[in-house]
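Some notes on the structure that comes next.
The values are calculated or read from the model by the stated rules, or taken from the named source; none is laboratory data. Computed from a predicted structure; not experimentally measured. Using ideal geometry, Cβ is built from the backbone for each residue, glycine included, and neighbour counts are taken over all protein chains shown. These accessible areas exclude ligands, DNA and RNA; they are computed on the full protein's heavy atoms, side chains included. Shrake-Rupley method; radii C 1.70, N 1.55, O 1.52, S 1.80 Å.
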Amino acid sequence: MTVCRICNSPIEAFMSFGRMPIANGFLTPDQIPNEYFFELAPAYCEACGMFQLIEQPAPEKMFHENYAFYSSTSRYMQAHFERFADLVQERVLKDRVDPFVVELGSNDGIMLRHFKARGQRHLGVEPASNVADVARASGIQTISEFFDSKLAERIVAQHGQADAVLSANVMCHIANLPSVAEGIRRLLKPDGILMFEDPYLGDMVAKTSYDQIYDEHVFIFSATSVSNAFGRHGLELIDVLPQITHGGSMRYVLAPKRSHGVSENVAAQKAKERDQGLDRPEGYAKFKANCENSRTRLMETLNGLRAKSARVVGYGATSKSTTVTNYCGITPSHVAWISDTTPIKQGKLSPGAHIPVRPYENFVKDYPDYALLFAWNHAAEIREKEKAYEATGGRWLYFVPQVEIV
Ligand code: JHZ
Ligand code: ZN
């Protein structure tokens, strides 16, 4: 029997996406025989509302010195994190003396750089040492370790308690959330604030963006599940702020219980979640059917394009695309290669499907007929940048929120 990672109630997978590799495990041909696979199967806990994976590979298999995702590859995300840092300054740090900010999973320093620029005390905790090195190179204080309650004690001993603990697209990656929540409670000052954001369950279900489900995302949060999971460790959800990033995210604001007032947004969001059916198995049965339909339509479309010998490439070798290619059965005969601007991914094969990843320059040099937009969450930025591709008659193949050619 499997039990909920938060409340220990029995849980069961409501569907399986099948055998999956590490989403960011881009590899060379000689590594294929040793490629690691696990079963990607999500479950929903009726007791505490947490959407979670039954199985997640060990953290060291995902986050290490060759981690392939560098946060600063998107211009829009750079602007987004500047605004996030400004909000923290305005809402939490402004009137405090010599405040201290800790970010969990600070990657290449995309957010912490703004605190550093203000001369504020800050610390990034980033186990993937290659991305952490980028941050360190620009003077951002970063340690490469996994955060838990023990590390929290060490940080407090060395720097004192934090005024703000932040994270973005990280909290939902940590299987041992109870230890992390406990660590954050110890790390935060009694009037401190925890703010984090992650892809939002309500958006994922509404858009059938099942590609948010992959090894790293052991949880897909909602206001209900976050409030329950952190409430067990003395942290209260005091506000929720919807974000458009990553196809629909939620920023959660938490504080030690009874230290701050609770916004009416919290109850309103939880009510919305009930209205959407996120608290019932039927809601997930419908999501499963939508995933299957999406897969069928996408493969019909790709098979049709292959039959007429259209030239199709992928745009953005995202982590999310690993779920899409492996669940749907997309092969290099459907998508010849994937364009990506990240040097560490270029010249490698995509995990599981083994589609070659090539530099973006190849895309510009020889436009395809169709580009499967794996990085659909960056559509606004990409469409703005790719006017010339569209002008030559190049088309986009979307699969979120539905399969369509535009
Ligand atoms: P993107 C990662 O997910 C992993 P991914 C992680 N688990 C997570 O939660 C989110 O980020 C936050 C490339 N690109 O942002 C860069 C172009 O080639 O959707 C990236 O490889 N041209 C931490 O990987 C990929 O696409 C462009 O113009 O799903 C985008 O990856 C742009 C904008 C991006 O995240
Ligand atoms: Zn539970």
(request) Sorted from largest down, give the three principal axis spans of the alpha carbons of the range 131-214, whole angstrom values. (result) 45, 33, 21
(message) Check which residues have an amide H placed less than 5 Å from GLU103's amide H, if you skip close sequence neighbours.
(response) LEU123, GLY124, VAL125, LEU166
(message) For Cα pairs less than 8 Å apart in space and 6+ apart in sequence, what is the mean separation divided by the residue count of the chain, i.e. the relative contact order in percent?
(response) 15
(message) Helix 281-307 against the longest principal axis of the chain: what's the angle in degrees, Cα atoms only, rounded to the nearest 10?
(response) 30
(message) Suppose we take every Cα in the range 1-57 and form the convex hull; what volume per residue is that in Å³?
(response) 84
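Tell me, in nm to one decimal, what length is gained between LEU87 and ASP366 on full extension, where the rule is 0.36 nm per residue of separation less the Cα-Cα distance?
Numbers: separation 279, 0.36 × 279 = 100.44 nm, distance 4.24 nm.
So the chain would gain 96.2 nm between LEU87 and ASP366.
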(request) Show the residues, 5+ positions off or on another chain, whose built amide H is closer than 5 Å to the amide H of PHE221. (result) LEU201
(request) Tally up the carbon and sulfur contribution to the accessible surface of the chain as a whole percent, 1.4 Å probe, everything protein left in place. (result) 49
(message) Let me check the size of the chain from its C-alpha atoms; what are the radius of gyration and Dmax in Å?
(response) 21.0, 66
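Taking the Kirkwood radius as the inverse of the mean 1/r across Cα pairs, report the Rg/Rh of the range 197-271.
Details: Rg = 12.6 Å, Rh = 12.8 Å.
Result for the range 197-271 is an Rg/Rh of 0.99.
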(message) Taking 28 Å as the cut-off for C-alpha to C-alpha distance, list the pairs among LYS288/LYS385; LYS150/LYS348; LYS61/LYS257; LYS207/LYS385; LYS272/LYS385 that go past it.
(response) LYS288/LYS385; LYS150/LYS348; LYS61/LYS257; LYS272/LYS385
(request) Please work out the FRET efficiency for the pair VAL97 and ASN265, using the Cβ-Cβ distance as r and a Förster radius of 41 Å; give the result to the nearest 0.05. (result) 0.90
(request) Report the dimensions of the range 233-287 along its three principal axes from the alpha-carbon atoms, largest first, rounded to Å. (result) 40, 25, 21
(request) Report the label-to-label distance for GLU60 and VAL156 in nanometres (one decimal), using points 7 Å from each Cα along the Cα→Cβ vector. (result) 2.8
(request) Would you pull out the residues with amide H under 5 Å of ARG395's amide H, same chain only if 5 or more places away, H placed 1.01 Å from N? (result) TYR370, ALA371
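Given 0.36 nm per residue, what is the gain on full extension from TYR76 to GLN31 after removing their alpha carbon distance, in nm?
12.8 nm
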(message) Give the separation of the Cα centroids, the range 251-281 to the range 183-245, in Å.
(response) 10
(request) Compute the accessible area per residue over the chain, keeping the other protein chains in place, probe 1.4 Å, unit Å². (result) 40
(request) Go through the range 234-240 residue by residue and turn each phi into a ³J(HN,Hα) via Karplus (6.51, -1.76, 1.60, θ = phi - 60°); whole Hz please, and just put x for glycine and proline. (result) x, 10, 10, 6, 10, 6, 10
(message) Using the Kirkwood radius over C-alpha pairs as Rh, can you work out the diffusion coefficient of the range 112-174 via Stokes-Einstein at 25 °C, viscosity 0.890 mPa s, in µm² per second?
(response) 196
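Calculate the tail of P(r) for the range 185-333: the fraction of all Cα-Cα distances greater than 23 Å, expressed in %.
Working: 5234 of 11026 pairs.
Everything past 23 Å amounts to 47 percent.
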(request) Determine ³J(HN,Hα), in whole Hz, for all residues of the range 311-328 in sequence, where each value follows from phi through the Karplus function 6.51 cos²θ - 1.76 cosθ + 1.60 and θ = phi - 60°; x replaces Gly and Pro. (result) 8, 10, 10, x, 10, x, 7, 6, 4, 4, 5, 5, 5, 5, 5, 6, 5, 7
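Can you tell me the equivalent ellipsoid semi-axes for the range 2-119? Use √(5λ) from the Cα gyration tensor, largest first, whole Å. List each step's numbers first, then the result.
Details: eigenvalues 241, 110, 28 Å².
Semi-axis lengths for the range 2-119 are 35, 23, 12 Å.
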(request) Would you work out the relative contact order for the range 139-273, in percent, from Cα pairs under 8 angstrom that are 6 or more residues apart? (result) 24
(message) Restricting to DSSP H runs of at least four residues, report the calculated mean residue ellipticity at 222 nm for the chain, -39500 (n - 2.57) per run over all residues, nearest 500 deg cm²/dmol.
(response) -10000 deg cm²/dmol
(request) Please report how far the C-alpha centroid of the range 46-93 lies from that of the range 312-339, rounded to the nearest whole angstrom. (result) 23
(message) If you restrict to DSSP beta bridges whose two residues both lie in the chain, what percentage is antiparallel, to the nearest 5?
(response) 50
(request) DSSP loop (so not H, G, I, E, B), at most 15 other Cβ within 10 Å: list which trypsin sites (Lys or Arg not before Pro) in the range 1-103 pass both filters. (result) LYS94, ARG96
